[in-house]
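These notes concern the structure reproduced below.
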Amino acid sequence: KAFETIELALPAAEENAVSKAIRKYIFDSDKDVDAVRFSRLDTPPKFPEWILHEAPSTLDASVEAGSCVDILRRGICRELAKCPISHIGSEEPEEGNEGLSEERESTQRYELSLGRKFRAVLDDLSYDPRNIENWMVLSECLGFKADIICDRLVRDNDPYDTPDFCPSMQPMKGILARSLGELHKVQSSEYNSRSWHPFIGKDLSAYMQYPWSNLNSLRDCSKHFESSLSSVSEVDNESETVDLQIWRDIESIFEQGEYTSWANAWAGMFVTALRTMRMKALRMARYLAKKKLGKMHPSEVSEDIGTALYGDLMASTVYGFPMQRMSNHEKRTIAEGTKYYFEEAIESSNSADYACDSKTESWEVQFMVGKCCEKIASTLREEVYPTNDSQTKRMYEIMMTEAIKNYSAALGDAQKVEKAGGGQDNTTGGSSHGSREVLYRLHATRFKVLLSSIRQAADERGLAEIEACRISSTSWFDGSNKLQTSDGDIRHNIWDLYVDCVQGLASCRKGISYFHRAAYRLAQALHWAPAFHDPGFCFGTGSIENIPSPKRGRISELNNNSFVECAGNVIGSLFDKKRPHLVAVWVTTSAAPPPFEVLNDSVRKYDALRLKYIRAYIDTMALCKQRDKIETFLSWAVSSSQDLAGFYEASATFQGRNPGLSLLSGSGFLAKVQRASTNALAKLILQDLTAMKRNGINENARKLLKDDFKLSQKLFLRLHSTPEEIQRAATSNKPLDEVVAFCRCYLSIQSGRINDSFNLDGSINDAMMLSSLLERASEKAKEMFPVKKNKLKTLKRQAEDPS
């Protein structure tokens, strides 16, 4: 505070040429963000190298070089640049916070602190642009703010796919395969034809100046851009004219009262602008490190650049305006750039050309190289399979084989480090499991390759399985599982590899029972066990007995009456008791986190993992017909705290104040969890009604119908939605099985025969008619299931209010 007070008392500083050049470099609004992200040159694009020769690199300047005031200002800049973020800035409440929720207000304070820290470091760099530590801090400030915003956005891309985890009853459809050249051409064309803009504005400084979390501040930011763009709208500048039109498009969203969409539109541009500036700072640090102008090894900067680029791949979301799903072309381009910098980090870490030692742990970075190869391969699945007599391999096979080889090498090095007394193996449910994390990834990847092959359409499955065997057999968990069949039977080969993968996944959980990734993947593998035995297996009528006992006996986890129950035992271990965060997953951060841990240490990644595991658990319990466990879990979810992204989405509708309760209007983590639970229970009720329709109604069926009606009423009430909201959801094709189950149960009880005709697909297109039906059903439910008054609570209320 003392330094800030002195700084305010000093005369206004005149900006020198170095300061102007650095700000122009950082805040340049060139829309070609890929030139910044993917450049592999040592010199950062558009960086004015002359400043490194013009500016003094120390504070030992004489009075002749400037006034005493200037020397004092330089000293204050240096001290402020060293201060922790929380120590910079006023504690006085900001203007425009009236009625603002506590969460938004605290986040705004942190954003403002980041902005002040950013400016302090930028000021210090104008005196010493060779200070590599300051360039790294600058990148951290920008990255922190981008992460703050990303963590508060609802994810559009679902991290969980039911047919991928639980086998579908329907065969997989074939894909339109193309040659590698044609595939690249099609994907590139799709990428280039998109309508997308990274950000707007003449410079990017406003994205660090204004907080995003306060909608009042965001309005000020919007007005700032309107003013700066309107003043040049008549000038022949195509880029700024386009920017002004984009601003108008976003402003029209606000005028329509769509405050959540408006805030998200700005969020996308904030994130892209902040990440672009962060990459500029990192590239400058890399340049200085390679020129040996700082006390930082270039391998560490290359590792940070790789980590930052890999973060762009997370959730497969492209920020900017409008935010959209990432195309395969862009995903591959980012993954290739990320791979380059991770490999550069490994290579330079072994160099003795630098005075300082490298802190890069090679096996941790090589592990990330494997993940990059896997990402690249995922974009090339649609390449056509070569003919049987061809020795050519698909690029998918080449990249997946490279991924597995990198994992294998990283595993060997990690085990050597741990054997020598280094490394760590966290025993909780985080992402710091050392070599065990690599072991899991190796065998999970092999399993996913095998799974992808057996899920292919019948006419392509043969070639896919042969390719999968080649890829997965490059590494083994247990050498005794290696292919023993002399006749080359593909079914035996696939089963041998499947068994080896399952044993590898199971070994991860034996050491750490809360190894959540292994629990999820192992449960998935057990679900698919019959298909690995026979891809034509009918999951609707088949039994675990269809797999011969000698084959089942090789997998100790196949120890129940059904493969679904076996999977349920494994995934259920993550839900063994009530937890505030619902599932046995924690975020753990070590003192020097590796890239993988850094990428997992975010709210959005944490919520994505939790949602994936929760939906897998609910689907498995539904298949097991364990309705009681889903009901119990739903009670946990109802009492759980609101998630950040869901809160911001809902509160934006109320212009930053506390949100409402309707589940149909929310799409955050908690809303999705509750809807997944209520929807699964509603589907079980509808299955009961279908069985009653088929088998007739007896005394047991009447009792079940009554129980189903009672449960369906609870599920309907959980929606907290009006008939109008339900009608709008039905019009937009949202699943509403809770409402359908409630109405069908009511109509069945009223008529004495099972109703299976009521739907919300157009059979009722009048909100008044739907409201009347729901009102009658609710009255009937209240009549049949009267709420018992709690006498103790009644007496307590009477004592508190005698009148």
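Here are the numbers for this structure:
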| item | result |
| --- | --- |
| Placed amide H near D203: partners under 5 Å, 5+ positions off or other chain | none |
| Among the listed pairs K24/K359; K371/K551; K145/K202; K625/K703; K24/K145, those beyond 24 Å (Cα-Cα) | K24/K359; K371/K551 |
| Placed amide H near T317: partners under 5 Å, 5+ positions off or other chain | M326 |
| Over the chain: helical MRE at 222 nm, DSSP H runs n ≥ 4 each giving -39500 (n - 2.57), nearest 500 | -20000 deg cm²/dmol |
| Amide H contacts under 5 Å for H197, placed H, 5+ residues apart | F321 |
| Between 0 and 90°, nearest 10: helix 102-127 axis offset from the chain longest Cα axis | 30 |
| Per-residue ³J(HN,Hα) for the range 334-345, Karplus 6.51 cos²θ - 1.76 cosθ + 1.60, θ = phi - 60°, Hz, x for Gly and Pro | 5, 4, 5, x, 4, 4, 4, 6, 5, 5, 5, 4 |
| With all protein chains modelled, accessible area of D164 [1.4 Å, Å²] | 50 |
| Proportion of all alpha-carbon pairs of the range 221-370 beyond 28 Å (%) | 40 |
| Under Karplus coefficients 6.51, -1.76 and 1.60, residue-wise ³J(HN,Hα) of the range 598-607 in Hz, glycine/proline x | 4, 5, 8, 8, 9, 4, 5, 5, 4, 5 |
| Degrees between helix 767-784 axis and first principal axis of the chain (Cα, 0 to 90, nearest 10) | 60 |
| Where GluC sites (Glu not before Pro) fall in DSSP loop in the range 183-235, at most 13 other Cβ within 10 Å | E234 |
| 22 Å Cα-Cα reach of K375 towards lysines, excluding residues that sit fewer than 8 places from it in its own chain | K185, K331, K339, K393, K405, K448, K605, K612 |
| Phi to ³J(HN,Hα) by Karplus 6.51 cos²θ - 1.76 cosθ + 1.60 over the range 221-231, Hz, x for Gly, Pro | 4, 4, 5, 4, 5, 4, 5, 5, 7, 5, 5 |
| Crossing angle, helix 791-800 versus the chain [Cα axis fit, 0-90 degrees, rounded to tens] | 40 |
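The values are calculated or read from the model by the stated rules, or taken from the named source; none is laboratory data. These figures come from a predicted structure and were not determined experimentally. Please note: Cβ atoms are built from the backbone with ideal geometry, for glycine as well, and neighbour counts cover all protein chains shown. Side chains are part of the model used for accessible areas, which takes the heavy atoms of the whole protein and leaves out ligands, DNA and RNA. Shrake-Rupley method; radii C 1.70, N 1.55, O 1.52, S 1.80 Å.
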